[in-house]
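S.K.: I'd like to ask you about the structure that follows.
The values are calculated or read from the model by the stated rules, or taken from the named source; none is laboratory data. What you are looking at is a predicted structure, and each value in this text was computed from that prediction instead of being measured. In this analysis, Cβ positions are derived from the backbone assuming ideal geometry, glycine residues included, and neighbour counts consider all displayed protein chains. Please note that ligands, DNA and RNA were not included when accessible areas were found on the heavy atoms of the full protein model with its side chains. Shrake-Rupley method; radii C 1.70, N 1.55, O 1.52, S 1.80 Å.
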Amino acid sequence: MVMEDHLKLCTQSKRKCFSTKFISIFVSSLFLIIILFQIQYSSPFEFSLSARSQRWGFLSQENYSGVIETMTEELKTSVTFLPLVDLRFRETATTGHTWFMSSLNDTLEENETEHLYFPSKASKGRLLCFKGRNTRDGTKNSYALAWRGSLPESAILLEGLTFVSDTYYNHENLWHGICAMTPLVRWSMKNECLKPARWVLFHWGELRLRMGSWLQQLMQASFGEVKVEGFDRGDVPYCFEKAIVMRHDLGQITRENKLKVSDLLRCKARSYCGLNPAGKGREMNERGFPIIRLTLLMRRGSRSFKNATAVTDIFAKECARVEGCILQIVQSEDLSFCDQVKALTNTDIVASPHGAQLTNMLFMDRESSVMEFFPKGWLENAGVGQYAHHWMADQSGMKHLGAWWDPIGKDCPSPQDHLQCFLFHKDGMVGHNETYFAEWARRVIDQVRLSKVGQPSEDQAKQQHDSKACTC
């Protein structure tokens with residue numbers, strides 16, 4: 001009888017028993033999902049603290065601060081510094097992730113230079129830190145990432161934005177320097193014209209304590225005071241509140257964006273030097289002929305003209321043949337930065353031996369003309385580097401109207417060894433060919449004269465373009 005009553009009771013409450021069991025399973029599953037969600041989306045610090053909470057049991061208010069301090073200390077000591085330069089990638093030092101900070105992959109934006117930014121989603125919110133100030137061996141300098149609340153022991157936090165540039169070449173040479181700085185200028189243009197509080201410069205991971213005077217003044221014209229960081233406050237880690245790192249020089253930046261950078265730098269340099277070239281394009285002499293300004297940009301020593309007087313006479317004769325043509329002879333080493341800006345601002349045609357001084361073409365108006373001269377042996381042995389100023393003309397909006405390679409001079413004693421032959425000819429001097437130079441100069445002057453005849457109607461549009469270029 002008791003058994004029958006029990007079965008009857010269970011039968012009557014079957015639905016109720018099932019409902020209670022279902023609710024228990026549902027609540028347990030929901031609790032498990034919440035735990036998994038917390039693990040998935042918590043920061044490493046929060047998850048670690050949660051794990052410790054389970055191990056230690058409930059954390060009271062009194063010992064919570066102690067746990068935080070312990071976890072912070074553990075994070076500090078877990079920061080790992082790696083060599084700035086990874087010699088395993090020596091053969092691909094400038095490609096992919098490069099050999100500089102090789103454990104980190106670049107941020108890629110269409111038509112822009114590859115770069116690294118800290119802190120960011122890619123760095124999981126961590127700041128960039130450097131340690132070491134070796135100027136001879138990049139493997140003895142190191143880098144690490146750390147959260148702001150758990151920076152390495154004794155670390156110095158440098159506030160504001162830091163521009164970091166590592167170049168395979170150098171920050172002294174005008175051409176190589178501007179190639180290293182162009183992506184930083186472009187990044188600033190895209191990001192509300194942000195200005196750096198400091199610059200950190202590396203060559204092969206070796207710290208550099210300054211940039212060349214010409215480059216520094218160009219950057220000063222664009223960003224204001226240039227402070228190159230030397231990490232001279234002790235042998236401790238230095239961490240950056242914000243940092244943008246460029247390690248590819250020009251990288252994948254497009255020609256259109258290179259032109260925008262050149263326009264900005266040209267405008268800023270002219271303003272910095274107190275120059276206002278408005279109306280220059282429609283200059284006329286008293287007889288109504290367009291003024292054509294031809295500049296011979298000379299250099300001393302290596303790759304200078306063997307007979308500068310003869311070359312000057314050739315160009316003077318051809319310039320005198322065209323009414324409105326004005327010739328100026330400029331010795332690049334004798335000019336200050338602003339003297340160089342002024343000389344090239346007032347130039348329609350620049351003729352110069354191959355060398356860093358030709359980077360000053362940046363300060364000419366777009367569509368101005370460039371003529372370049374090389375010593376014997378360069379054409380056969382110098383490789384693609386001899387076309388650097390072809391590239392400079394292209395990215396600054398100039399017309400490179402050819403080059404002349406001197407065929408006369410001493411022969412290389414090891415003609416099969418291109419490197420040895422280049423070193424043999426590298427610092428040679430440039431001769432001249434009167435007939436060729438005269439015909440070439442005449443052709444270029446005539447082209448510029450014809451282009452200037454139709455220029456007055458375009459001058460207003462040019463002034464509008466110039467004013468937009470300086471907006472940063």
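S.K.: Over segment 197-299, what relative contact order in percent results from Cα pairs under 8 Å that are six or more residues apart? Don't skip to the end; give the middle numbers.
M.R.: Working: 49 pairs, mean separation 23.3, N = 103.
Computed over segment 197-299, the figure is 23 percent.
S.K.: At 1.4 Å probe size, with the rest of the protein present, what percent of the exposed accessible area of segment 344-408 is carbon and sulfur atoms?
M.R.: Carbon and sulfur atoms account for 58 percent of the accessible area of segment 344-408.
S.K.: Let me ask something else. Relative contact order, percent, of segment 81-134 when contacts are C-alpha pairs under 8 Å separated by at least 6 residues?
M.R.: RCO, segment 81-134: 21 percent.
S.K.: Amide H neighbours of residue 157 under 5 Å, counting only residues 5+ apart in sequence or on other chains, H built in-plane at 1.01 Å?
M.R.: 239
S.K.: By its C-alpha gyration tensor, with a ≥ b ≥ c as the square roots of the eigenvalues, how is segment 139-200 shaped: rounded for a/c under 1.5, else prolate for a/b larger than b/c, else oblate?
M.R.: Oblate, since a/c reaches 1.5 and b/c is not below a/b.
S.K.: Between residue 212 and residues 5 or more places away or on another chain, which pairs have amide H atoms under 5 Å apart, with H built 1.01 Å from N, and which residues are they?
M.R.: So residue 212 has HN proximity to 172.
S.K.: Normalised by the number of residues in segment 197-240, what is the relative contact order in percent for Cα pairs under 8 Å and 6+ residues apart?
M.R.: For segment 197-240, the relative contact order is 44 percent.
S.K.: Which whole-angstrom value gives the distance between the alpha carbon centres of segment 272-317 and segment 336-401?
M.R.: Answer, in whole Å: 13.
S.K.: Now for a separate question. What's the Cα-based Rg to Rh of segment 321-467, Rh via Kirkwood? List each step's numbers first, then the result.
M.R.: Values: Rg = 17.3 Å, Rh = 17.0 Å.
Taking Rg over the Kirkwood Rh, I get 1.02.
S.K.: Would you please classify the overall shape of segment 265-348 from the alpha carbon gyration tensor, given that a ≥ b ≥ c denote the square roots of the eigenvalues, rounded means a/c under 1.5, and beyond that prolate means a/b larger than b/c while oblate covers the rest?
M.R.: Numbers: a/c = 3.47, a/b = 1.08, b/c = 3.22.
Taking the square roots of the gyration eigenvalues as a ≥ b ≥ c, segment 265-348 is oblate.
S.K.: May I pose another question? Could you calculate the FRET efficiency of residue 391 with residue 366 from 1/(1 + (r/R0)^6), where r is the beta carbon distance between them and R0 is 22 Å, rounded to 0.05?
M.R.: Efficiency, rounded to the nearest 0.05: 0.90.
S.K.: Among 167-173, 269-275, 184-190, how do they line up by average Cβ neighbours within 10 Å per residue, starting with the highest?
M.R.: My ranking of the peptides, most packed first, is 184-190, 167-173, 269-275.
S.K.: While we're here: If the limit is 18 Å between Cα atoms, which of 140/195; 190/260; 342/426; 399/452; 131/195; 306/376 go over it?
M.R.: Violating the 18 Å limit, Cα to Cα: 140/195; 342/426; 131/195.
S.K.: For the pair residue 447/residue 87, report the inter-label distance in nm, with labels modelled 7 Å from Cα in the Cβ direction.
M.R.: That separation, rounded to one decimal, is 4.9 nm.
S.K.: Between residue 148 and residue 331, how high is the FRET efficiency from 1/(1 + (r/R0)^6) when r is the Cβ-Cβ distance and R₀ = 51 Å? Nearest 0.05.
M.R.: Working: r = 52 Å, r/R0 = 1.02.
E between residue 148 and residue 331, to the nearest 0.05, is 0.45.
S.K.: Taking R0 as 30 Å, what's the FRET efficiency between residue 95 and residue 191 from their Cβ-Cβ distance, rounded to 0.05? Present the calculation step by step, with values, prior to reporting the outcome.
M.R.: Values: r = 26 Å, r/R0 = 0.85.
Once rounded, the FRET efficiency stands at 0.70.
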